[in-house]
Structure formats: structure tokens, C-alpha cells
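Single-structure report; data block below.
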Amino acid sequence: MEVYKTISELRTGIVIKEDVYCKTKYPILRKDTVLMLEHIEVLQAFGVQRVKVEERVAQKDIPDSEKSPSMNAADILENIPVSMYQLRKEYNEVVRNYKKEFSNWRAGQRPDVPKIRGFIIPLIEKFIKQKQMLTMLNDFSNPEEYIYHHSVAVGILAAAICNQMGYEKGDALQLGLAGALADCGMAKIAPSILEKTAFLTKEEYNEVKKHTLFSVKMIQDTPLLRQDMKVAILKHHERLDGSGYPRGEKMDTISVFSQILAVADVFHAMTSERLYRVKHSPYKVIEMIKEEEFGKFDIKVVEALHRLVGNLSIGTRVKLTDGEVGEIMFIHRDTPLRPMVKKEVDGSLIDLATHRSIAISKIVD
């Protein structure tokens with residue numbers, strides 16, 4: 001008899017009776033697999049809740065030709081994605097560590113760059129391996145502790161974009177560390193300004209704009225960051241059209257690493273809920289960076305971000321910003337973030353290319 005069992009009810013010898021998927025293109029376990037301890041560990045690592053099995057336990061004398069290939073649990077677990085629950089747990093721990101360091105900076109201490117590198121780099125490496133988790137970063141954040149979430153997320157996003165653009169892993173990890181430290185100078189800005197729940201006055205904003213100078217001053221002596229990364233921190237609020245700060249520089253004077261930090265910074269800021277404004281969906285933000293902010297950012301960097309977090313395909317289930325859920329039926333070549341969607345509620349089609357007030361909110365599993 002075939003039944004569904006929770007993972008805690010499984011034991012060795014039970015036979016899986018349907019392919020098991022978990023945000024994967026191919027099954028993590030195939031139908032008719034005879035469970036071993038290693039298989040159960042894999043299911044737990046993926047966060048699978050239950051599976052369909054055959055009630056009887058498989059006989060011990062299975063012919064060698066039909067046995068599952070031998071597996072090494074350590075090797076399997078090393079190469080499969082960790083569950084979103086586990087990754088979020090590790091992310092939150094890094095944010096807590098960053099918050100402690102930020103308190104030290106407010107008290108006058110210099111950043112302990114080796115310590116920060118020690119907890120941020122392992123997390124960055126996990127996100128680079130599991131790019132699909134990058135779209136979760138805005139959900140991980142909370143408005144009360146935005147400053148700490150933002151620094152960690154910018155490090156992760158900057159490294160992922162750098163990696164996506166084909167740079168060496170060493171460059172990506174250096175830029176990830178730079179991204180995490182880019183706003184350390186915020187510790188020198190009055191808490192009353194940083195924690196304000198309304199829009200800043202011109203004078204307050206001018207104070208905040210000093211943070212890039214403070215950041216560079218705080219990390220200038222560390223040997224763990226290359227000079228070009230320190231310059232990237234200084235210039236991560238500069239814009240190609242000269243509208244940025246602190247110097248209003250333009251075009252060729254702004255390195256690609258500065259631009260990657262800039263795009264990571266803006267993307268996370270606009271997709272996260274703040275004390276004084278609501279968040280936008282990742283798909284809407286990429287569109288806004290491309291259209292409304294055109295000329296400010298390196299288009300190659302924006303396209304790399306698009307490939308990382310904005311790629312959509314026909315057949316994907318999505319939730320729209322009006323709360324409706326539907327399936328992507330057609331993707332326009334010129335506006336790929338605004339496809340045609342078939343609504344589940346009534347089967348009607350909505351073309352987001354013409355209905356500009358509605359956008360994709362997120363992909364639905």
C-alpha cells in the first residue's frame with residue numbers, strides 16, 4: 001500500500017514511490033529508491049516535509065543490479081543546497097555578529113576586519129553557490145535593524161554580481177567584504193538621524209552623505225582589503241552621470257567594482273522595508289534601475305543582477321503585486337520583466353507590459 005510519511009517516520013528499507021523534487025530541476029531522490037540512512041539525511045537537508053512511500057519494507061535480498069548506487073552521506077551533503085531555514089539561520093547569526101561590531105564602532109573602536117571576514121565570507125560563499133536564495137534577502141531583512149541587514153546583504157549581492165560577471169573568486173570575495181564594510185562609517189552618524197522614521201531634512205541627508213568618507217577612514221589601514229576595494233567603498237554612491245557623492249564624479253573615474261557596490265546597495269535598499277517607506281518587488285526594482293535610473297549605473301552590472309535575480313521563464317508560477325497568482329504564458333523580448341500571465345482565479349490573461357501599475361512580486365513554488 002502506498003502512503004505519505006513524514007521524514008521523522010522514515011526508516012531504512014522503505015521504498016520511495018514517486019520522484020522527490022525540492023526547488024530542483026531534477027529529482028533529489030527517484031521513484032523506487034530503497035531508503036538508506038544517507039537518503040534520509042539528504043531529505044532532511046533539503047527540508048522535505050513528507051514523501052510518498054510503499055508501506056512494506058523492501059526485502060534484504062535485492063539483486064545487486066537493482067540496488068541504489070552506493071552513497072557517501074558526507075559527500076552528498078557537501079554538494080547539495082542547504083535548506084532555506086538553515087541558510088536564514090546562518091544569515092541571522094551573521095547579522096547579530098555585525099550588529100555587535102557596529103556597537104563597538106559607535107564606541108570608537110576600529111573595525112576588526114579579520115573577525116568580520118571570518119563570519120561574512122562563509123555566508124557569501126553559500127549564497128554564491130545557491131543563487132536562487134538571493135531573491136530571499138529582502139524577506140530576511142526587518143526595518144528596525146535595517147542598517148545591519150543592509151550591510152550583510154550588500155556584501156552578499158556584490159560578491160554574487162561580481163561572480164556572475166566572470167571575475168575571479170578572489171575578486172568576488174574581496175568585493176563582498178568591501179560591501180559588508182561600505183557602510184561602517186554610518187556608526188559615526190548620529191543615531192537620531194539613522195533611526196528617524198520620516199524622510200530626512202537636507203541637513204540630515206548631508207550628514208549621512210559623509211558616511212563614505214568615514215568608512216574609508218575606518219578601514220584604510222587594513223591589509224585584508226586591496227586598495228581598489230577601498231576606493232570602491234569611497235565611491236559606492238557616485239553615479240556615472242555625476243549625480244552621486246561625495247565628489248560628483250563621472251564615468252571613467254568610477255571603477256566597475258564601485259558600480260557593483262552601487263547596484264547592490266540600491267537594489268537591496270529598494271527591495272527592503274524601511275521605517276519610512278514600503279519595499280518594492282525585486283522585479284520592479286530591476287526595471288526601475290534600468291528605466292528611471294538610466295544613465296546612472298553601468299548597464300553590464302545591472303544586466304548581471306537581472307540574470308541573477310530577475311530571470312523568468314514560461315510556465316513559472318508567480319504572485320503579482322495585486323495579490324493575484326498566475327502562470328507566465330509569454331515573455332516579451334523587449335520587456336522580459338513584464339510577461340503575459342494567466343491568472344489562476346479565473347483563467348484570464350493579463351499583459352504586464354500594458355498594465356504598468358502591476359508587477360511580479362515573487363515566484364511561487
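The values are calculated or read from the model by the stated rules, or taken from the named source; none is laboratory data. The structure presented is a predicted model; accordingly, all values stated were derived computationally and were not measured. Because the Cβ atoms are built from the backbone with ideal geometry, glycine has one as well, and the counts that use them run over all protein chains shown. What goes into the accessible areas is simple: the full protein's heavy atoms, side chains included, and nothing from ligands, DNA or RNA. Shrake-Rupley method; radii C 1.70, N 1.55, O 1.52, S 1.80 Å.
Residue check, Lys230 against (1) basic (Lys, Arg); (2) in a loop (DSSP other than H, G, I, E, B); (3) in contact with a helix residue (DSSP H, G or I) (Cβ under 7 Å, 6 or more places away or on another chain), all met but one. Which one?
Checking Lys230 against (1) basic (Lys, Arg); (2) in a loop (DSSP other than H, G, I, E, B); (3) in contact with a helix residue (DSSP H, G or I) (Cβ under 7 Å, 6 or more places away or on another chain), the one that fails is (2).
Condition check ((1) modelled with pLDDT of 80 or more; (2) over 21 Å from Gln130 (Cβ atoms); (3) surrounded by 14 or more Cβ atoms within 10 Å (Cβ to Cβ)) across all residues:
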residue	(1), (2), (3)
Ile14	yes, yes, yes
Glu18	yes, yes, yes
Leu35	yes, yes, yes
Gly47	no, no, yes
Gln59	no, yes, no
Ile62	no, yes, no
Ser65	no, yes, no
Asp75	no, no, no
Ser103	yes, yes, no
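Rundown of residues vs (1) over 23 Å from the mean Cα position of the chain (by Cα); (2) modelled with pLDDT of 90 or more, yes/no style:
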| position | (1), (2) |
| --- | --- |
| Ile147 | no, yes |
| Val154 | no, yes |
| Met165 | no, yes |
| Lys196 | yes, no |
| Lys202 | yes, yes |
| Thr212 | yes, yes |
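Let me confirm something: among Glu303, Glu293, Glu327, which residue is acidic (Asp, Glu), part of a strand (DSSP E or B) and open to solvent by 30 Å² or more (accessible area, probe 1.4 Å)? Break it down into steps so the answer makes sense when it comes.
Numbers: Glu303 fails: part of a strand (DSSP E or B); Glu293 fails: part of a strand (DSSP E or B).
One residue alone meets the criteria, Glu327.
Name the residues in the stretch 337-352 that are in a loop (DSSP other than H, G, I, E, B) and surrounded by 16 or more Cβ atoms within 10 Å (Cβ to Cβ), would you? It would help to see each step written out before you state the result.
Here is the first cut: in the stretch 337-352, the residues in a loop (DSSP other than H, G, I, E, B) are 337-339, 344-348, 352.
Scanning the stretch 337-352 gives Leu337, Arg338, Pro339, Leu352.
I'd like to know if the stretch 260-270 contains one or more residues that are at pLDDT below 95, over 26 Å from Glu168 (Cα atoms) and open to solvent by less than 30 Å² (accessible area, probe 1.4 Å).
yes
Which condition does Asp322 not pass, out of (1) touching a Leu at 6+ places or on another chain (Cβ under 9 Å); (2) open to solvent by 20 Å² or more (accessible area, probe 1.4 Å); (3) farther than 23 Å from Lys217 by Cα, if it passes all the others?
It is condition (1) that Asp322 fails.
Among the residues of the stretch 243-251, is there at least one that is open to solvent by less than 30 Å² (accessible area, probe 1.4 Å) and of a type in the set (A, V, I, L, M, F, W, C)?
Among the residues of the stretch 243-251, not one is open to solvent by less than 30 Å² (accessible area, probe 1.4 Å) and of a type in the set (A, V, I, L, M, F, W, C), which makes the answer no.
I'd like to know if the stretch 271-286 contains one or more residues that are surrounded by fewer than 18 Cβ atoms within 10 Å (Cβ to Cβ) and at pLDDT 85 or above.
The answer is no; no qualifying residue exists.
Considering only residues that are within 15 Å of the chain's Cα centre (by Cα), assigned to a helix (DSSP H, G or I) and more than 19 Å from Gly242 (Cβ to Cβ), which ones fall in the stretch 265-290?
Phe267, His268, Ala269, Met270, Thr271, Pro282, Tyr283, Val285, Ile286
Quick one: how many residues across the stretch 213-227 are part of a helix (DSSP H, G or I), crowded, with 17+ Cβ neighbours inside 10 Å and either without any contact (Cβ under 8 Å) to a residue 24 or more places away in the chain or hydroxyl-bearing (Ser, Thr, Tyr) (or both)?
1
Residues are listed down the side, and each one gets a yes or a no for (1) under 28 Å from Asn142 (Cα atoms); (2) in contact with a strand residue (DSSP E or B) (Cβ under 7 Å, 6 or more places away or on another chain); (3) among the basic types (Lys, Arg):
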| residue | (1), (2), (3) |
| --- | --- |
| His280 | yes, no, no |
| Lys284 | yes, no, yes |
| Glu291 | yes, no, no |
| Ile314 | no, yes, no |
| Val318 | yes, yes, no |
| Phe330 | no, yes, no |
| Pro336 | no, no, no |
